[in-house]
Amino acid sequence: PVAGAALYIGDARLTDVLAALPPIIICGGAQANCVTLYGGQNFMVAKPEGLLEVSSPQAREWENFMPVPARDVMLLQRLTKDYWSVNGAAPVRAGFGEFRLKFDEYFVDMVDNLPIRFGSNPGGIVLTTPQGVLQVQHVPGHVPPKQVWIKPLGNIGNRALQYLTAASIAARVPGAAVRNIHLEIWGRVEPAPRPGAAQCASTGVESHLDVEGLADCLRRGEVDAVCIDWYPFHLDHYPSRETCRALFPPAIGKADVQGFGRHELVCSIRGAEILRAHHPDYFPLPPGYYAKLQQETGLDLVFYGQIEDDPYSQVLRAAFPKARFVPGIDQNHDFEVLRRSVNVALSISTFAWLAAWLGEAERIYLPVGGMFNPVQHPGQLYLPLNEPAFRYVLLPPVKAVNPFEDIARFWLMQETIAMQARPIGVEELREMLVRAGKLGNGKIPVRGFDGASYLANDPEAMAQVRMGHTTALGHYLSHGYLKGARHRPFDPLFYASTYPDAAEAVALGHYPSLWRHFLEAGEALGHAPVP
């Protein structure tokens, strides 16, 4: 083609095709059956958002185009909007990009499939791949089930907390279900495949999630699935304590397990991999810490759990010759023992925390240190300040040390904890939470997320969504929020003039932008984002 020449694709002019569906011109590098378009001295450029312009001085990978028959333009548009079953499998959405159609794990090169051949059934098409022929059947009116899918991580305590978060989201969405459950001690092992990238949004690596906002996006169909891909350690996520107890009855085969009595304080002991300092904020508690608890309570100490032949266990035994040392049996049994004891001193452990949370102990001593300290981990919260059974002991900010590598430094860390550990009241903890909130809580607000508005302002995200690599919400959670992208209509001039207190808070540095003020404070106050 030359400058001013008219190019036809099938029976349609190029301009008509682009007006119908700009993203059919997709980057794919040099390919068979492609053409390079230019006018004057410049080549035509296709941008990720689907726009075309004659501006490139050389033909690169973006300047190779595949002519598409006009009939197939409309079919490709329909493909990416509806649901399709490939070889009788569950319905999925199609993505399109880089000269390929994508149906979840199936990739179909369009070079070998244009014009598209229709199958024998109404609404069916036939596509070829190197692995064979695909029968793709249209599924009209398909409404995908809503789900919260869990990527199981860590020990049973971590996976149970993932489940509680998933259950809390699903409970807010009519008909939604929790999928891929791996809770062996409760007899619930229900594997399920991960939802396709074009249907779901991952929660990423944040511990504090916008549970209501994610549920809102599920209800409105911004996504069909939310994937819990990290450790959601925050009390705001979980159902009420009574509901949690109902969700987790006694472990399988352990209905008759007995806890320790009223005159005893059972001290949950974490050893094993914790002694190897696999995580900097998981560490064992020193003998001096337990001595303070014994002095305060007057109870007989029972050390229970991972009691082994290691330096830490040996020193504990020497420090408390009259105490009982009871090695654990298995995770099912140990969990129920902690859950059913009258007085519990928690280790820094989600396993022990969850057992106490589900139980009905009269006194629960929680060490506010390591991963339990909201200042060290602003995105996590384990402090049920409204539960009277919980008592709190503040620890100094230390990190784990491996005694098998540096025994002297390990005992220095233990001595530091023992010397500085002190009781801390609820009001002082509330002040600590305020300070922790200023450090950032990791929570990404998504309530009211408008995928169309978000994509209209982010061409790169639009391209990723069209290719079936992600959803608008998924892209926002993983990329857009970090860039300060807006996912809803927002007028900063209107907002600043209407709410001068918001403008002042931003000017003083309390919020990085007016948009963030609206997300994190303004919406809850009833502020409007636009006139």
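Here the condition is being surrounded by 13 or more Cβ atoms within 10 Å (Cβ to Cβ) and charged (D, E, K, R); of Arg422, Arg409, Arg391, it holds for Arg391 alone. Candidates Leu338, Leu383, Leu412, Leu366: the one that is of a type in the set (A, V, I, L, M), in contact with a strand residue (DSSP E or B) (Cβ under 8 Å, 6 or more places away or on another chain), over 15 Å from Gly259 (Cα atoms) and not in a loop (DSSP other than H, G, I, E, B) is Leu366.
So, His510, is that one at pLDDT 90 or above and not in a helix (DSSP H, G or I) or not? Considered against the rule, which asks whether it is at pLDDT 90 or above and not in a helix (DSSP H, G or I), His510 comes out as no.
As a summary of the residue check, Ile185 satisfies the conditions (1) of a type in the set (A, V, I, L, M); (2) at pLDDT 95 or above; (3) out of contact with any strand residue (DSSP E or B) (no Cβ under 9 Å at 6 or more places or on another chain) except for the one numbered (2).
For segment 427-462, what are the residues that are in a helix (DSSP H, G or I), within 30 Å of Asn386 (Cα to Cα), of a type in the set (A, V, I, L, M, F, W, C) and out of contact with any Leu (no Cβ under 8 Å at 6 or more places or on another chain)?
First, the residues of segment 427-462 that are in a helix (DSSP H, G or I): 427-438, 451-456, 459-462.
Keeping just the survivors that are within 30 Å of Asn386 (Cα to Cα) gives 427-438.
From what is left, the residues that are of a type in the set (A, V, I, L, M, F, W, C) are 429, 432-434, 436.
Listed by number, the residues that qualify are Met432, Val434, Ala436.
Hey, can you tell me all the residues within segment 365-382 that are within 20 Å of Asn343 (Cα to Cα) and β-branched (Val, Ile, Thr)? Once the filter is applied, which keeps residues that are within 20 Å of Asn343 (Cα to Cα) and β-branched (Val, Ile, Thr), segment 365-382 yields only Val368. Scanning segment 261-289 for residues that are over 36 Å from the mean Cα position of the chain (by Cα) and within 20 Å of Met419 (Cα to Cα) yields Pro287, Gly288.
Determine whether segment 167-188 contains at least one residue that is open to solvent by 20 Å² or more (accessible area, probe 1.4 Å) and free of Cβ contacts under 8 Å to residues at least 12 places away in the same chain. Looking through segment 167-188, at least one residue is open to solvent by 20 Å² or more (accessible area, probe 1.4 Å) and free of Cβ contacts under 8 Å to residues at least 12 places away in the same chain. Comparison of Pro145, Pro152, Pro140 shows that the only residue that is open to solvent by 40 Å² or more (accessible area, probe 1.4 Å) and touching a His at 6+ places or on another chain (Cβ under 7 Å) is Pro152. Taking Val434, is it under 34 Å from the mean Cα position of the chain (by Cα), under 26 Å from Trp230 (Cα atoms), exposed (fewer than 14 other Cβ atoms within 10 Å of the Cβ) and of a type in the set (A, V, I, L, M, F, W, C)? Here the answer is yes, as Val434 does meet what is asked. Of all residues in segment 112-132, those that are open to solvent by 100 Å² or more (accessible area, probe 1.4 Å) have Cβ atoms under 6 Å from Cβ atoms of residues that are at pLDDT 75 or above, 6 or more apart or on another chain, in Asp112/Thr128; Arg117/Val126; Phe118/Ile125.
The set of residues in segment 479-531 that are hydroxyl-bearing (Ser, Thr, Tyr) and surrounded by 18 or more Cβ atoms within 10 Å (Cβ to Cβ) comprises Tyr481, Tyr495, Tyr499, Tyr511.
Residues in segment 361-385 that are farther than 12 Å from Leu433 by Cβ and among the hydroxyl-bearing types (Ser, Thr, Tyr): Tyr365 alone.
Could you grab me the full set of residues in segment 365-388 that are open to solvent by 20 Å² or more (accessible area, probe 1.4 Å) and touching a helix residue (DSSP H, G or I) at 6+ places or on another chain (Cβ under 9 Å)?
Going through segment 365-388, the residues open to solvent by 20 Å² or more (accessible area, probe 1.4 Å) turn out to be 375-378, 380-381, 385-388.
Listed by number, the residues that qualify are Val375, Gln376, His377, Pro378, Gln380, Leu381, Leu385, Asn386, Glu387.
Mind checking which residues of segment 437-464 are among the aliphatic types (A, V, I, L, M), without any contact (Cβ under 8 Å) to a residue 40 or more places away in the chain and open to solvent by less than 40 Å² (accessible area, probe 1.4 Å)? I'd like the intermediate steps shown before the answer.
Just the residues of segment 437-464 that are among the aliphatic types (A, V, I, L, M), to begin with: 439, 444, 446, 452, 455-456, 461-463.
So of that shortlist, the ones also without any contact (Cβ under 8 Å) to a residue 40 or more places away in the chain come out as 452, 455-456, 461.
Answer for segment 437-464, where residues must be among the aliphatic types (A, V, I, L, M), without any contact (Cβ under 8 Å) to a residue 40 or more places away in the chain and open to solvent by less than 40 Å² (accessible area, probe 1.4 Å): Leu455, Ala461.
Among the candidates His475, His479, His469, which residue alone is touching a residue at least 24 places away in the same chain (Cβ under 8 Å), within 23 Å of Ala197 (Cβ to Cβ) and not hydroxyl-bearing (Ser, Thr, Tyr)? Steps first, please.
Numbers: His475 fails: touching a residue at least 24 places away in the same chain (Cβ under 8 Å); His479 fails: touching a residue at least 24 places away in the same chain (Cβ under 8 Å).
Exactly one of His475, His479, His469 is touching a residue at least 24 places away in the same chain (Cβ under 8 Å), within 23 Å of Ala197 (Cβ to Cβ) and not hydroxyl-bearing (Ser, Thr, Tyr), namely His469.
Within the option set Ser268, Ser202, being under 30 Å from Arg324 (Cα atoms), among the small types (Gly, Ala, Ser), touching a helix residue (DSSP H, G or I) at 6+ places or on another chain (Cβ under 8 Å) and touching a residue at least 60 places away in the same chain (Cβ under 8 Å) holds for one residue only, Ser268.
Could we say that Ser120 is out of contact with any helix residue (DSSP H, G or I) (no Cβ under 7 Å at 6 or more places or on another chain), more than 22 Å from Val446 (Cβ to Cβ) and modelled with pLDDT under 95 here? Walk me through how you get there before you give the answer.
Values: out of contact with any helix residue (DSSP H, G or I) (no Cβ under 7 Å at 6 or more places or on another chain): yes; more than 22 Å from Val446 (Cβ to Cβ): yes; modelled with pLDDT under 95: yes.
Yes.
Residue under question is Leu338, and the condition is that it be at pLDDT 95 or above, within 30 Å of the chain's Cα centre (by Cα) and open to solvent by 20 Å² or more (accessible area, probe 1.4 Å); does it hold?
no
Pairs linking a residue in segment 244-258 that is touching a residue at least 60 places away in the same chain (Cβ under 8 Å) to a residue that is exposed (fewer than 12 other Cβ atoms within 10 Å of the Cβ) and part of a loop (DSSP other than H, G, I, E, B), with Cβ atoms under 7 Å and 6 or more positions apart or on different chains, are Ile252/Gly187.
Note on segment 213-236: among residues that are part of a helix (DSSP H, G or I) and in contact with a strand residue (DSSP E or B) (Cβ under 9 Å, 6 or more places away or on another chain), the one that is most open to solvent (accessible area, probe 1.4 Å) is Asp236. Could you tell me which residue of segment 270-319 is most open to solvent (accessible area, probe 1.4 Å), considering only residues that are of a type in the set (A, V, I, L, M), under 26 Å from Pro378 (Cα atoms) and at pLDDT below 95? This residue is Ala277.
The values are calculated or read from the model by the stated rules, or taken from the named source; none is laboratory data. Bear in mind the structure is a predicted one, so any value in this text is a computation, not a measurement. Quick reminder, even Gly has a Cβ in these numbers, built from the backbone with ideal geometry, and neighbours come from all protein chains shown. Quick note on the areas: whole protein, heavy atoms, side chains included, nothing else; ligands and nucleic acids left out. Shrake-Rupley method; radii C 1.70, N 1.55, O 1.52, S 1.80 Å.
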